[in-house]
Amino acid sequence: MQKFGLLGEHLTHSFSPFIHAELGDYEYLLFEKRPKEMEAFLLQGDFDGLNVTIPYKKAVIPFCKTLSETALSAGSVNTIMRLPDGSLHGDNTDCYGFARLLKKAGIDPAAGKTVVLGSGGSSLAVQAVLRDMNAKDIVIVSRNGKISYKDIEKYCDAALLANTTPVGMYPNNGISPVSDLSIFKQCGAVIDLIYNPARTELLLQAEELGIPAFNGLAMLVAQAKKAAEIFTGASIPDDTIEAIASKITRKTCNIVLIGMPGCGKTSIGEALAKMTGRLFADTDEWAAKAAGKPVPAIIAEDGEDKFRKLETDALLELSKQSGLVIATGGGVVKRPANRSIMRQNGTMVFLDRELSKLPVVGRPLSERDGIAALAAERLPLYSQWSEHTVPVCGIEETASKIREKLGLAGI
């Protein structure tokens, strides 16, 4: 069996093995190499072909005996084949992936100025595609280039913003290469090539401003499909791209349960995790563990604000991960920042239980404020924050409804 794989420096959370398992019947491995190990691996490594990712897309070029026209145009290589004589041929399928992303999103780079963040190998492929699609004006912003981030306001008339840097990528979630996206008054679309998290801080900013936002998952799968065709010589239908991207999204998206205290988030979440083969996490348990005492004791002895801070800390850690079922506290919606944290990799499901059936005993805020007062404050927020609402009708029944609503059966 032929052996292919991905060459990069940090690959622990790569989606590529899963994608290639869906694309073809061949071995696909992760080749995590430090810069000083790259040369020996390229010259002596046991592989028939490679995909190449950060930080080696330009570094591998001197080791390629031949380059495709696309790789020459882009000035970067992300796909390598070992030729019969043992030499290496470099190609670039990122160009295909990015072009397809633009077309599927209905973005025409010729319509206005494009600002590209970053100048590495991925940026070069993006620039090549933009040139081929007759982009009017391409501005490259980078830390050490002619135009740096301190000059970015001069180009705030851009119609398209594309991030090709790893800023905001897991595990460094929550940061953005652009501190204030609102300066881009004419921006019609934002693309972030990062796909983990699904919504970077940059994309979350765009969504808040009502700007169409797209992550790099579709590009990742599309370039992998093109690479698989190069690896195997077989044609793969284009609709495979959407099918695999959708499957990844459903597998990796966190299911975040929100709702009133006592609505059943923990018990339903545990049942849902078991049904879907996911790990379960409870922010109350995380807060209690961090404080060394139960949640009622935290609130009674340290105050609600302290508990809310611990809850947010739990969300910051859990929401970085993928494919979890997360049960939250009833008051998680009281901190607006929590919404963005949970949406990085999650879809929020509001468990709607009749107020008359909600337990009060042992729940300090329900006892203190009363169910009616909490409901008046929180129900509108649950509705605003959630993508799905599921009536509570028993533990197993409700978990099954969530699984069906999210299309998780058989995943």
Item checked: Per-region count, segment 176-200, residues within 27 Å of P17 (Cβ to Cβ) and not hydroxyl-bearing (S, T, Y) -> 8
Checklist line | Filter pass, G323 being touching a Ser or Thr at 6+ places or on another chain (Cβ under 6 Å) and surrounded by fewer than 19 Cβ atoms within 10 Å (Cβ to Cβ) | finding: yes
Note to self: Checking the conditions here, which among K58, K103 is basic (K, R), surrounded by fewer than 18 Cβ atoms within 10 Å (Cβ to Cβ) and in a helix (DSSP H, G or I)?
What the structure shows: K103
Check: Under 6 Å by Cβ, and 6 or more places apart or on different chains, what pairs join a residue from segment 374-391 that is touching a residue at least 12 places away in the same chain (Cβ under 8 Å) with one that is open to solvent by 50 Å² or more (accessible area, probe 1.4 Å)?
Finding: A375/L355; W385/R339; H388/K405; T389/D352; V390/K401; P391/D352
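Suppose we filter G97, G90 for residues that are crowded, with 24+ Cβ neighbours inside 10 Å, farther than 24 Å from Y195 by Cα and at pLDDT 95 or above; which single one remains?
After ruling out the rest, the residue left standing is G90.
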Note to self: All but one of (1) polar (S, T, N, Q); (2) outside any helix (DSSP H, G or I); (3) closer than 23 Å to E317 by Cβ hold for T249; state the number of the condition that does not hold.
What the structure shows: (2)
Next item on the list: Could you tell me whether V333 is buried (at least 18 other Cβ atoms within 10 Å of the Cβ) and either in a strand (DSSP E or B) or not polar (S, T, N, Q) (or both)?
Entry: yes
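Can you tell me which residue within segment 155-169, out of those that are hydroxyl-bearing (S, T, Y) and buried (at least 19 other Cβ atoms within 10 Å of the Cβ), is nearest to D192 (Cα to Cα)?
Our first condition is that a residue be hydroxyl-bearing (S, T, Y); within segment 155-169, this holds for 155, 164-165.
If we keep only those that are buried (at least 19 other Cβ atoms within 10 Å of the Cβ) as well, we get 164-165.
Working: T164: 7, T165: 8 Å.
Across segment 155-169, the extreme among qualifying residues is T164.
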Checklist line | segment 173-207, subset of a type in the set (S, T, N, Q) and in a helix (DSSP H, G or I), residue surrounded by the fewest Cβ atoms within 10 Å (Cβ to Cβ) | finding: S182
Item checked: Residues of segment 19-46 satisfying the condition of being free of Cβ contacts under 8 Å to residues at least 60 places away in the same chain, of a type in the set (D, E, K, R) and in a helix (DSSP H, G or I) -> K36, E37, E39
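Taking into account only those residues within segment 70-84 that are in contact (Cβ under 8 Å) with a residue 24 or more places away in the chain, assigned to a helix (DSSP H, G or I) and out of contact with any Leu (no Cβ under 8 Å at 6 or more places or on another chain), which is surrounded by the fewest Cβ atoms within 10 Å (Cβ to Cβ)?
Step one: filter segment 70-84 for residues in contact (Cβ under 8 Å) with a residue 24 or more places away in the chain, giving 70, 73-82.
Now restrict to residues that are assigned to a helix (DSSP H, G or I): 70, 73-74.
This time we only want the ones that are out of contact with any Leu (no Cβ under 8 Å at 6 or more places or on another chain), so: 70, 73.
On the way: T70: 22, S73: 18.
Going through the qualifying residues, I end up with S73.
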Item checked: Top-ranked residue of segment 242-287 - restricted to ones that are under 30 Å from G97 (Cβ atoms) and polar (S, T, N, Q), ranked as least open to solvent (accessible area, probe 1.4 Å) -> N254
Margin query: For segment 1-31: of the residues being open to solvent by 30 Å² or more (accessible area, probe 1.4 Å), within 21 Å of the chain's Cα centre (by Cα) and over 26 Å from E242 (Cβ atoms), which is modelled with the lowest pLDDT?
Written below: T12
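Looking at T114, T53 in this structure, which one is open to solvent by 10 Å² or more (accessible area, probe 1.4 Å), in contact with a strand residue (DSSP E or B) (Cβ under 6 Å, 6 or more places away or on another chain) and of a type in the set (S, T, N, Q)? If you could, list the steps in order and put the result at the bottom.
Numbers: T114 fails: open to solvent by 10 Å² or more (accessible area, probe 1.4 Å).
It is T53.
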Note to self: Which residue is least open to solvent (accessible area, probe 1.4 Å), if the candidates are limited to segment 136-151 and must be more than 15 Å from G120 (Cα to Cα) and out of contact with any helix residue (DSSP H, G or I) (no Cβ under 8 Å at 6 or more places or on another chain)?
What the structure shows: D151
Margin query: I need the full set of residues from segment 209-224 which are more than 10 Å from A245 (Cβ to Cβ), touching a residue at least 60 places away in the same chain (Cβ under 8 Å) and open to solvent by 10 Å² or more (accessible area, probe 1.4 Å), in order please.
Written below: P212, F214, Q223
Check: within 30 Å of G407 (Cβ to Cβ) and in contact with a Pro (Cβ under 9 Å, 6 or more places away or on another chain) - does that describe any residue in segment 207-223?
Finding: yes
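Quick grid of which residues meet (1) of a type outside the set (A, V, I, L, M, F, W, C); (2) touching a His at 6+ places or on another chain (Cβ under 9 Å); (3) crowded, with 17+ Cβ neighbours inside 10 Å:
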| site | (1), (2), (3) |
| --- | --- |
| T347 | yes, yes, yes |
| L351 | no, no, yes |
| K357 | yes, no, no |
| L365 | no, no, yes |
| G370 | yes, no, no |
| V392 | no, no, yes |
| E396 | yes, no, no |
| R403 | yes, no, yes |
| A409 | no, no, no |
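The values are calculated or read from the model by the stated rules, or taken from the named source; none is laboratory data. The structure presented is a predicted model; accordingly, all values stated were derived computationally and were not measured. Backbone-built Cβ (ideal geometry, glycine too); neighbour counts: all protein chains shown. For the accessible areas, the whole protein counts, side chains as well, though only heavy atoms, and no ligand, DNA or RNA atoms are used. Shrake-Rupley method; radii C 1.70, N 1.55, O 1.52, S 1.80 Å.
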